[in-house]
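Report on the structure given below.
The values are calculated or read from the model by the stated rules, or taken from the named source; none is laboratory data. These numbers were taken from a predicted model, which means no experiment stands behind them. Cβ: placed from backbone, ideal geometry, glycine included. Neighbour counts: every protein chain shown. These accessible areas exclude ligands, DNA and RNA; they are computed on the full protein's heavy atoms, side chains included. Shrake-Rupley method; radii C 1.70, N 1.55, O 1.52, S 1.80 Å.
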Amino acid sequence: MAENLTALIPIDLVRRAKDIINKAALIASDAEKSNIKVIFGHNDRNTRQDKAFIKAIKNHSNVTLCQANNKSELTNVSQLRNLAFQQVDTELIVLLDVDIFPDFALFMRCANQIIDQSAPFYILPCLYLTKYGTDYLRKKKSIEGLKEKYFSFSRKEFLHLACPSSIVVMKSRDYREIKGFNPAFNGHGYEDFDFLLRLAERYNRINKSADFLLETSHRSPLLSTGFRKELGMHCINSLIEKKLTFHLYHTRDNNDSYYQRRKLNYQLFSKLHQHDVSVDEPYSSSLLEEFIRVCKEKKVNYRTYSIYFDNKPGHTDRTDTLKRRVKLLFNF
């Protein structure tokens, strides 16, 4: 059923150009082997890096390139995803970032379950890898080996687990009906939460309690509250079935203007979703109670998933080289 699935990936080479080009070429190659279409929404700034990207992916028969020409310093991921979606002709899509390891076998399993009506969509948890973990996955190409390390509490391969993440397998008609991503979100953050909430609301699967818009995050995904908890509810089966995706390591400058937009994007997100938050609804519990309930319902031992309960703060013991540990400790 691979012909029913298209991967949508935004590309802007204003930062990390070489890294992004290499990862895009890997995705294009692996998708071609899996007979899955890929559409890149590419912001072409007409640089030599953009020309190198086009050259790197142009010979793959399964790849379509949709190009914008936005000169803004900021990357607008929403615009690029919507641009790519205009060329979709398959029943199902998977929303990816270029940094995601292309586990197309997993994406196809989710797509087939949507076709079988086992679920209306899949929001997949995403494990963020250290450089060491990224090198392990690239060299060993063993997804199951990496999962085994994670569930055995190995730390040097992993930073944290994002749950929910922006990795979504869904019906193309749903993307169209909810009008895609909101391009008012510019720069980093919250365009994915906004999109996921509108997707879940389409199926009446969101409960907006009094603390819905509370902005808190935890190392353990099971301690999520508010909108993260509500979206995380749609990841519980994937957590239990160990349907995890992997985010490959890259450097990040939090002072970059792209990342500095996160606070403004949260303000927009709150404004868009505050109108139907119920002040009469009691504060929501964390995801933990629901996770244990589903484990009992499925007759699986929740203690098997002890790593999900880990809420130890900080990345120091998960940082894979002495140099990076020193930089983290002294904040430079």
- Item | Rounded accessible area of S72 (nearest 10 Å², 1.4 Å probe) | 40
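Using 1/(1 + (r/R0)^6) with R0 = 45 angstrom and r between the beta carbons of E241 and Q67, what's the FRET efficiency to the nearest 0.05? The partial results should precede the final answer.
Details: r = 38 Å, r/R0 = 0.84.
The calculated FRET efficiency here is 0.75.
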- Message: For the chain, what does the accessible surface come to per residue with a 1.4 Å probe? Please give it in Å².
- Response: 48
- Straight distance only, please: which aspartates and glutamates reach the Cα of K179 with their own Cα at less than 15 Å, same-chain residues fewer than 8 apart left out? E191, D192, D194, E201
- Message: Exceeding 28 Å between C-alpha atoms, which entries from my cross-link table qualify? They are K71/K229; K140/K263; K131/K171; K37/K296; K139/K298; K33/K131.
- Response: K71/K229; K140/K263; K131/K171; K37/K296; K139/K298
- Item | Förster radius 41 Å - calculated FRET efficiency between S142 and R176 (Cβ-Cβ, nearest 0.05) | 0.65
- Measure of exposure for L288: accessible area at 1.4 Å probe, Å² rounded to 10, is 50
- Query: If you put +1 on each Lys and Arg Cβ and -1 on each Asp and Glu Cβ, how big is the dipole of the chain around its Cα centre, in Debye rounded to 20?
  - Reply: 1200
- Rank by packing, highest mean first: peptides 135-146, 79-90, 107-118, with packing defined as the count of other Cβ atoms within 10 Å averaged across residues. 79-90, 107-118, 135-146
- Task: Would you mind calculating the gained length between H275 and H218 on full extension (0.36 nm times residue separation, minus the Cα-Cα distance), in nm to one decimal?
- Result: 17.9 nm
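Using r as the Cβ-Cβ distance of R48 and S285, and R0 as 35 Å, what FRET efficiency do you calculate, to the nearest 0.05? All intermediate terms of the calculation are to be shown ahead of the outcome.
Details: r = 53 Å, r/R0 = 1.51.
Approximately 0.10, to the nearest 0.05.
Largest first, what is the accessible-area ranking of T251, T216 with a 1.4 Å probe? Could you put the intermediate results ahead of the total?
Values: T251 95, T216 45 Å².
Result, largest first: T251, T216.
Expressed in nm to one decimal, what extension gain is obtained for the pair N204 and A105 from 0.36 nm per residue of sequence separation less their Cα-Cα distance? All intermediate terms of the calculation are to be shown ahead of the outcome.
On the way: separation 99, 0.36 × 99 = 35.64 nm, distance 2.91 nm.
Roughly 32.7 nm would be gained on extension.
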- Message: So if each residue of separation counts as 0.36 nm, and I subtract the Cα-Cα distance between N311 and D135, what length gain in nm does that give?
- Response: 60.8 nm
